[in-house]
Amino acid sequence: MMLKRGNILRYALFAVALVMPMIVSAQEDSVSYRRERSSHSIHVDFRVNSTTLDPNYRNNRTVIARIDSLFKRLKEDTTITIEAIEFSGSASPEGNMTLNSRLSRARMSEVEKYVRKHIAFDDDIVTYNDRVVDWEHLVELVEEDTTLYMRDEVLRIANGTYPDVKNFRGQPVDGRIPELQKLDDGKVWSTMLRRYFVKMRTGSVVMRVYTDVPVIIEREPEPAPEPEPEVNIEVIPES
C-alpha cells in the first residue's frame, strides 16, 4: 500500500531523530588516561641494639610526621592507588652476624607494624629487603666524606668480597670488619663508628603509587562544506 506524503515525512523525521544522537556522540571529544607514578621513601632511625621505634630519637619525629601526612593523603585522595610497598631494615656493622640479622628483621617488622596500623593494603604488593648490614649505604656515606683518613682504603675494603670470620667470642662476622678495624690501629674504625654507624641502624618503607590522570583528546574539526555549485537556469521566453 502506498504511503501518503505526510506519513513519509513523519517517518523521515523519526529516522533522523534516532540517528542524530549517534552523530553528536561521535563528534564529542574522547577521554583517555595517563598513568602517573611516584615513589615515597621514608627511613627511621633506631638506637644501638634497639628495635623500638622511638619518636624522640634523632629526626624520627619529623619523619613520622611525613609518614602520617602521606597516610592522610592516601586516604583522602581516592584517585591514588598503592602499586607496591617494600619494607627493609638494617644494622650497623660492628655487631656479629646473628645479632645484626635479628636487629635488622625486627626493625623492618616495627616499621611495617606502624604502617599497617594506619593504612590498609593487600599482602601481594608487599616485598621485604632484609639488608642486615647495608654496605652500599656505608659506601655512599664514605664517598660523601672527603675528610676521612685512609678513605680510599676504606672504600676498597667496603666494596670488596671477604669470607666470613669468627670474632674473639667465636661469633661469625663479615670478613670486611676485621680488615677495616686494622686500619691505623683501629683509629679509622673509631671515626667510622662515630660518623656513620648511627645512620645505618634503620627501618624503611618505600611506597610506589600511581594516579590515572584523564587526558581529553580533542576531535579534529570537520572540514568546511564544499560550496554548492551555481545552477544556471535558462529561461526560454514564450513565443
Considering each residue of the stretch 110-129, count those that are out of contact with any strand residue (DSSP E or B) (no Cβ under 6 Å at 6 or more places or on another chain) and either in contact (Cβ under 8 Å) with a residue 24 or more places away in the chain or closer than 28 Å to Arg156 by Cα (or both), and give that number.
-> 3
What number goes with the only condition from (1) part of a strand (DSSP E or B); (2) loosely packed, with under 15 Cβ neighbours inside 10 Å; (3) of a type in the set (Phe, Trp, Tyr) that Phe87 does not pass?
-> (2)
Which numbered condition trips up Asp185, out of (1) of a type in the set (D, E, K, R); (2) exposed (fewer than 14 other Cβ atoms within 10 Å of the Cβ); (3) touching a residue at least 24 places away in the same chain (Cβ under 8 Å)?
-> (3)
At least 1 residues that are basic (Lys, Arg), closer than 30 Å to Ala65 by Cβ and more than 29 Å from the chain's Cα centre (by Cα) in each: list the helices (runs of 4 or more DSSP H) lying fully within the stretch 102-202 that qualify.
-> 187-195
May I ask you to list the residues in the stretch 52-84 that are hydroxyl-bearing (Ser, Thr, Tyr) and assigned to a helix (DSSP H, G or I)?
-> Thr62, Ser69
Could you tell me whether the stretch 154-162 includes any residue that is at negative phi and in contact (Cβ under 8 Å) with a residue 60 or more places away in the chain?
-> no
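Values quoted throughout were computed directly from the atomic coordinates according to the rules given, and no laboratory measurement underlies them. These figures come from a predicted structure and were not determined experimentally. Virtual Cβ from ideal backbone geometry, glycine too; neighbours counted across all protein chains shown.
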